[in-house]
Amino acid sequence: LSSDMDHDRSVVEDHFAQFSQDFDRRAKEMHEQIQRSTDRLFDFSLKMLDYKDNLSRVETKTVRMEGHLNRLNDTMASHKEEIRAQILLLNKTLDEEQRRVSKDQADLEKR
């Protein structure tokens, strides 16, 4: 009876030792996996901060470019109006010149 109990105790102690080793190994593996995941998450966070920073710079450049384009648009509109006014003035001058030439021809024909 005593040897059966010693044997059972030995078996239980062996199982417990094996279980304890397995548990320690799994705990270590999980800890390493968590550490790798944490490192990847940290790297990802840094990349997101870089991305956010780049996005902010692009946004600033876009706003600046929008300002340049608006000023260019205003300048173009101003030039367009100036050109339109010059064309109207040239047309008026041309009409006056054509009337004077017609009048001069009519005067010449009368003579």
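Side notes on the structure shown:
- Failed item, numbered, when Tyr51 is tested on (1) open to solvent by 90 Å² or more (accessible area, probe 1.4 Å); (2) hydroxyl-bearing (Ser, Thr, Tyr); (3) at pLDDT below 95: (3)
- Candidates Arg26, Arg36, Arg9 - the one that is under 39 Å from the mean Cα position of the chain (by Cα), of a type outside the set (S, T, N, Q) and in a helix (DSSP H, G or I): Arg36
- Residue match in segment 48-70 (condition: over 49 Å from the mean Cα position of the chain (by Cα) and not hydrophobic (A, V, I, L, M, F, W, C)): no
The values are calculated or read from the model by the stated rules, or taken from the named source; none is laboratory data. The model shown is predicted, which means the values in this text are computed figures rather than measured ones. For accessibility, only protein heavy atoms count, side chains too; no ligands or nucleic acids. Shrake-Rupley method; radii C 1.70, N 1.55, O 1.52, S 1.80 Å.
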